[in-house]
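The values are calculated or read from the model by the stated rules, or taken from the named source; none is laboratory data. Source: prediction; values computed, not measured. As a convention, Cβ positions derive from the backbone with ideal geometry for all residues, glycine included, and neighbour counts pool all protein chains shown. Calculation scope for accessible area: heavy atoms of the full protein, side chains included, ligands and nucleic acids excluded. Shrake-Rupley method; radii C 1.70, N 1.55, O 1.52, S 1.80 Å.
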Amino acid sequence: MTVNYNSEIEKTIKDYIELQEMSRLYTKKKNDLEKEYNKLLTNSNGEEKNYNLEQADKIYKTYREMTACEEQSRIADESFNEAENQLKEIGRILYEATIHAEISLPAINGSGPRTKSVMVSYSNGQVYIR
């Protein structure tokens, strides 16, 4: 018999892991788009910036994607910091104990859902997840 136990600590750990992964993903995507944007800008005809409509459209779309990823990255970073602060509070409440848990994580970036065995350690006000 499987018991579904809705743990606030499990949700906080899960949020921390997911938001950390999302933050990394958006930061990488933003950096890749920034490189692509800069590459597209340098591919002009001659010394003057002369683009045809197709090139200009591609530069514009890449720039818009880059700025959207930058915003998503900022939001993910802020949410990650909130989750980290919640984990630190849990650590203070538990007097810097260690938590062992099996955390179910949803699909991110094309990977399927998965279960991750984690150990959450607290030391001197810091949180470490392995």
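Among the residues of segment 94-114, those identified as over 17 Å from the mean Cα position of the chain (by Cα) and either part of a loop (DSSP other than H, G, I, E, B) or surrounded by fewer than 10 Cβ atoms within 10 Å (Cβ to Cβ) (or both) are Leu94, Tyr95, Glu96, Ala97, His100, Glu102. For segment 58-80, check the following and say yes or no: at least one residue is in a loop (DSSP other than H, G, I, E, B) and either of a type in the set (A, V, I, L, M) or within 26 Å of Glu8 (Cβ to Cβ) (or both). No; the residues of segment 58-80 include none that is in a loop (DSSP other than H, G, I, E, B) and either of a type in the set (A, V, I, L, M) or within 26 Å of Glu8 (Cβ to Cβ) (or both). Of the residues making up segment 81-93, just one is open to solvent by 80 Å² or more (accessible area, probe 1.4 Å) and under 14 Å from Glu10 (Cβ atoms), namely Gln86.
Residue count for segment 120-130 satisfying the condition of being hydrophobic (A, V, I, L, M, F, W, C) and either open to solvent by 60 Å² or more (accessible area, probe 1.4 Å) or under 22 Å from Tyr26 (Cα atoms) (or both): 1.
Among the residues making up segment 77-119, those that are over 22 Å from Leu25 (Cα atoms) and in contact with a strand residue (DSSP E or B) (Cβ under 6 Å, 6 or more places away or on another chain) are Lys88, Gly91, Glu96, Thr98, Ile99, His100, Ala101, Glu102, Met119.
Picking from residues in segment 51-76 that are surrounded by 14 or more Cβ atoms within 10 Å (Cβ to Cβ) and more than 22 Å from the chain's Cα centre (by Cα), the one that is farthest from Leu25 (Cα to Cα) is Tyr51. Of the residues making up segment 19-32, just one is among the charged types (D, E, K, R) and under 12 Å from Ile129 (Cβ atoms), namely Glu21.
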